Amino acid sequence: MTPVRVLVIEREYRSNINPIRPEAAQIAALHQTGQVRVTVMCNPGSILEDYYRERGIEVIPQPLERKLSLSAIRHIRQVIRSHRIQLLHLFSNTPVSNGATAAIGLPVKVIAYRGQTGNIRRLDPSSYLSMLHPRIDKIICVAKAVEQDLARHVRQPEKRLATVYKGHDPSWYQNPPADLSALNLPEGAFTVSLVANLRPRKGLQVLMDATHIWPAGHNIHLLLVGAEPDNPKIQQMIANSGCPNQIHPLGWRNDAPEVAAASNLTVLPTLKREGLCRAVLEANSYGTPAVMSDTGGNAELVADGETGLIVPPGDARALAEAIYRLYQDPALTARFGAAAKQRIIDKFNVEQGVEATLAIYKALAAELA
């Protein structure tokens, strides 16, 4: 059987492989099946260059700085022709806008990746440079909730949309938990990690509001990964919280998964526009359970009452009560953690992602025959 020829276009500048490993591992595994011949185009200097080349995949550097770059579009068209590419697989908005535009008039199928809900509207012209680009044939969504959200805007959703869960491998999560000794936490501290930036939709203020609901004298300590300690907004939030001495902004960390591994619980109080949270996937892979708001694909990731707890978005009291319930019940927390780890192994493994994506590749390639 002749391998399906695929050009993957990614734009990634982070130096840490953790955030991009699920997608990269899946692409590499598809190439290694022998049924797909992958070529990757990515920005020069990306950590993806070495990752893919070490796995026998050709990498073509291409700066992708602008929503529409004539030089990038010309280069993509040249590669499609020279490599006889059958499928374009595009990750993130800039590759989507340039790649889909480059495909106009060429005999190639176009696949876009969608990782979150919201921010797509038929009356918004910018949406036609992303998920509503008329040249896109298939959109692979990271969760059913993302697929259902897009179905309200995309024509022929039953044909053009599919859900493929990110694949994780237990071997990625063997590092020891992060050393938290510098925080001088008291004995028996119940640590709750939140990995998120300061964007309002991430719900940090909801978590701060929840701290006022816990009874006095509790031993819950919050670890804020991504929250810069010197940021005035962070400082004000902490000062106005119900337990300012028990909130620890750790700033940006390369070892965010290991911080979650050192925690009793991870939390994600997102208000809207969520996909399938990577930080929770990583925490669960280490056996750390989660309390999450019911947005995006969160309820697909966490089985409420089995591997963690799901609360309504923006509901500080429900969030506080869920965290406090696990704080008071270490046995339940441990049981949720073990079940969460097993759920990742069973439902969010690399193999299922590769199998589902390979089926999509073959079906689209057959349409070109």
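The values are calculated or read from the model by the stated rules, or taken from the named source; none is laboratory data. Bear in mind that the values here come from a model prediction, so they are computed numbers and not experimental data. Every residue, glycine among them, receives a Cβ derived from its backbone with ideal geometry; neighbour counts consider all protein chains shown. The accessibility values were calculated without ligands, DNA or RNA, using every heavy atom of the protein model including side chains. Shrake-Rupley method; radii C 1.70, N 1.55, O 1.52, S 1.80 Å.
Quick notes on this structure:
- Taking a Cβ cut-off of under 14 Å around Asp179, the surrounding Lys, Arg, Asp and Glu residues balance to a net charge of -1, with basic ones at +1 and acidic ones at -1.
- Using heavy atoms of the protein chains and a probe of 1.4 Å, the accessible area assigned to Ile47 is about 50 Å².
- Between His89 and Leu7, Val8, Ile9, Ile111, the built amide H atoms are under 5 Å apart, and every one of these is 5 or more places off in sequence or on another chain.
- Working note: Debye formula, equal point scatterers on the alpha-carbon atoms of the range 222-341, no solvent; log10 I(q)/I(0) at q = 0.15 Å⁻¹ is -0.67.
- Within a Gaussian network of the chain (alpha carbon springs, distance under 10 Å), most fluctuating of Leu150, Leu90, Leu185: Leu185
- Listed residues Arg199, Arg253, Arg21 arranged by accessible area, highest first, probe 1.4 Å: Arg199, Arg253, Arg21
- Reach of Lys159 by Cα under 12 Å, taken over aspartates and glutamates that are not fewer than 8 positions away in the same chain: Asp137, Glu147
- Lysines whose Cα lies under 23 Å from that of Lys67, excluding same-chain neighbours fewer than 8 positions away: Lys109, Lys138
- Rounded to whole Å, sorted largest first: equivalent-ellipsoid semi-axes of the chain, Cα gyration tensor: 39, 20, 19
- For the chain, the per residue solvent-accessible surface stands at 43 Å², with DNA, RNA and ligands left out and a 1.4 Å probe.
- Sorted largest first, extent of the range 273-369 alpha carbons per principal axis (Å): 60, 27, 18
- If you take the alpha carbon atoms of the range 22-109 and fit the smallest convex hull around them, that volume is 92 Å³ per residue.
- Summed over qualifying helices (DSSP H, 4 residues or more, each -39500 (n - 2.57)) and divided by its residue number, the chain shows a 222 nm mean residue ellipticity of -10500 deg cm²/dmol.
- Rounded percent of accessible protein surface that carbon and sulfur make up, the chain, 1.4 Å probe: 49
- With Cα atoms defining each centre, the range 186-210 and the range 216-266 are spaced 6 Å apart in the structure.
- Paramagnetic reach from Ser127 in the range 101-119 [backbone N under 16 Å; point 7 Å along Cα→Cβ]: 114-119
- Each residue of the range 51-68 is assigned a 3J(HN,Hα), and the resulting list reads 4, 6, 4, 4, 9, x, 9, 5, 10, 10, x, 7, x, 10, 9, 10, 4, 9 Hz, derived from the Karplus form 6.51 cos²θ - 1.76 cosθ + 1.60 (θ = phi - 60°), x at Gly and Pro.
- Fully extended contour minus Cα-Cα distance, from Gln174 to Ala369, at 0.36 nm per residue: 65.8 nm
- With each label modelled as a point 7 angstrom along the Cα→C-beta vector, the Arg201-Arg160 pair spans 2.1 nm.
- Among the listed pairs Lys272/Lys362; Lys144/Lys341; Lys202/Lys341; Lys272/Lys347; Lys233/Lys341; Lys233/Lys347, those beyond 28 Å (Cα-Cα): Lys272/Lys362; Lys233/Lys341; Lys233/Lys347
- Taking all protein chains together, Trp214, Trp172, Trp252 sort by accessible area into Trp252, Trp172, Trp214, largest first [probe 1.4 Å].
- Difference of contour (0.36 nm per residue) and Cα-Cα distance, Asn184 to Arg152: 6.5 nm
- Where labels lie 7 Å past Cα in the beta-carbon direction, separation of Glu65 and Asn119 in nm: 2.2
- Extension gain, Ala359 back to Leu332 (0.36 nm per residue minus Cα-Cα distance, nm): 5.8 nm
- Simple label model, 7 Å out from Cα along Cβ direction - Met1 to Asn245, nm: 6.5
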